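Taking it in order: structure first as structure tokens, then the write-up.
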Amino acid sequence: MNVLAEEQKKIFEKGISVEELEERRKAFLDLYYRLRTKDEGKLWNRLSLKQKQEIHWLILSIYKIKNRLGGFSYELIKDERTYTDKPKIFVVTHVGKFDIEVTSEAIKDHYYLLSGDYEHIQGTIDSPFLSINGVYYFNETVKEDRKAVSEKMINHLIQNGNLMYFIEGTWNLSPNLPVLPCYWGIVDIAKKGNAIIVPIAAEQYGKNFKINIGKNFEMSLYGEGNQEKTRAITDLRDTLATLKYEIWETEPQVSRSSIDSTEWEDYKKERFKEWPYFNEEYIEGLIYKPKNITSNEEAYAHLKKLVPNKNNAFLFNKKLSR
């Protein structure tokens, strides 16, 4: 049992008062930072960037063994990276629990992982391996923590270290969005750290992953200011979406009538089996919600409040109005 994740679950219980919620949140954060501080003081977290780079082959070998024992494989659709002496940020789409290990095997290069998921990783068998390879944890609900980890990432890039960053912030379980909305923080960090972004799309089919690595995304093509950062993150998201489409095109074409009506729900159930502390409500709370953008759920929420009758039946199903 993950003690920290269990403590976090108490925050999401229904029917608790505002006062009780605040107390539970404070108890969770106290435990969170106490455990994180303890972990950050361990020997493997005190290794230098150079030392971690030198033993990356060992972590990569462990990931390969772990992937094979778990039955996981991957197919590299293409790899359009070109050599650069600049530090790299591997910006990856997020599909489930195992894409870190499998994507690591595909890209091979050393990196530090940016993770907002310490509460679920702490105490697991994966934790020491992530730490030995290099990881920056942060709590995305704490403004000071977000600022501190941004400074760490910029300094890391300036020292010519690489990063791995899951740009969507959580698993993408959307039925219609190739890439979830994204904050533009990473393009700002890339700019300040003089880094090249390497866009990577990943999809999972059973235990087989398909990985598509795009061309170097050059931040020198973008200027300063929020407007340019917005343009950069929009272009990057479009690039990742295109890489996703290219993966989808490698799959056999099927007719809509041959798809089981429960297929998408079955797919989500398989993802949630990988990580028992995740559910749709938790993931939904992590998704970035851009201003002035209305989701499908919001647009059709009024239908749940309507009482069907002959005057509004067409809103539910055209057959009902006949």
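A few notes on this one:
- Total charge dipole magnitude, region 64-145, about the Cα centre, Cβ charges on Lys, Arg, Asp, Glu only, Debye to nearest 20: 320 debye
- Between Thr239, Thr262, Thr230, the residue with the greatest mean-square fluctuation in the GNM of the chain (Cα pairs under 10 Å linked by springs) is Thr262.
- Region 15-114: trypsin sites (Lys or Arg not before Pro) in DSSP loop, at most 15 other beta carbons within 10 Å: Lys42, Lys108
- The chain - mean residue ellipticity at 222 nm from DSSP helices (-39,500 (n - 2.57) per run, n ≥ 4, rounded to 500): -13000 deg cm²/dmol
- Exposed-site-free run, longest, the chain (rule: GluC sites (Glu not before Pro); DSSP loop; at most 15 other C-beta within 10 Å): 141-217
- Comparing Ser258, Leu240, Asn133 along the charge dipole axis of the chain, the residue lying farthest to the positive side is Ser258, per the Cβ-charge model.
- At R0 = 35 Å, FRET efficiency that the Cβ-Cβ distance of Phe12 and Tyr205 yields, to 0.05: 0.70
- Rounded percent of accessible protein surface that carbon and sulfur make up, region 182-255, 1.4 Å probe: 51 percent
- Charge sum, other residues only, whose C-beta stays under 12 Å from Glu270's C-beta, Lys/Arg counted +1 and Asp/Glu -1: +2
- The calculated FRET efficiency for Arg146 paired with Glu270, based on their beta-carbon distance and R0 = 35 Å, is about 0.65.
- Ligands, DNA and RNA excluded, the heavy atoms of Trp171 present near 10 Å² of accessible surface to a 1.4 Å solvent probe.
- Summed residue charge, Cβ within 12 Å of Glu228's Cβ, Lys/Arg positive, Asp/Glu negative: 0
- Here the spin labels are modelled as points 7 Å beyond Cα on the Cα-Cβ line, and at Asn160 and Lys50 they lie 1.1 nm apart.
- For region 195-236, a crude dipole built from +1 on the beta carbon of Lys and Arg and -1 on the beta carbon of Asp and Glu, taken about the Cα centre, is about 240 debye to the nearest 20.
- GNM top mover of Asp266, Asp99, Asp109 - the chain, alpha-carbon springs below 10 Å: Asp266
- Å² of accessible area per residue within the chain, as computed with a 1.4 Å probe and no ligands counted: 57 Å²
- Taken one residue at a time, the phi angles of region 72-82 give Karplus couplings (6.51, -1.76, 1.60, θ = phi - 60°) of 8, 9, 8, 10, 8, 5, 6, 9, 9, 4, 10 Hz. Gly and Pro are set to x.
- Solvent-accessible surface ranking, highest first, for Ile154, Ile167 at 1.4 angstrom: Ile154, Ile167
- For Ala27, neighbours were defined as the other residues whose beta-carbon sits under 14 Å from its Cβ, and their charges (Lys and Arg +1, Asp and Glu -1) total -3.
- Rounded to the nearest 20 debye, the dipole magnitude of the chain is 260 debye, with +1 charges on Lys and Arg beta carbons, -1 on Asp and Glu beta carbons, and the Cα centre as origin.
- Region 108-117 - phi-based ³J(HN,Hα) in whole Hz, Karplus 6.51/-1.76/1.60, Gly and Pro as x: 6, 5, 6, 7, 9, 8, 9, 9, x, 10
- Set against the labelled values (1) 21.4, 72; (2) 19.1, 54; (3) 20.0, 65, Rg and Dmax of the Cα atoms in Å computed from this structure falls on (1).
- Net length available on complete extension from Trp57 to Glu263 is 70.3 nm, with 0.36 nm assigned per residue and the Cα-Cα distance removed.
- Nearest-0.05 FRET efficiency for Gln227 and Leu69, computed from C-beta distance (R0 41 Å): 0.25
The values are calculated or read from the model by the stated rules, or taken from the named source; none is laboratory data. The structure displayed is predicted, hence computed values, not measured ones. No Cβ is skipped: glycine too gets one built from the backbone with ideal geometry, and neighbour counts run over all protein chains shown. In case anyone asks, the SASA skips ligands and DNA or RNA and just uses the protein heavy atoms, side chains included. Shrake-Rupley method; radii C 1.70, N 1.55, O 1.52, S 1.80 Å.
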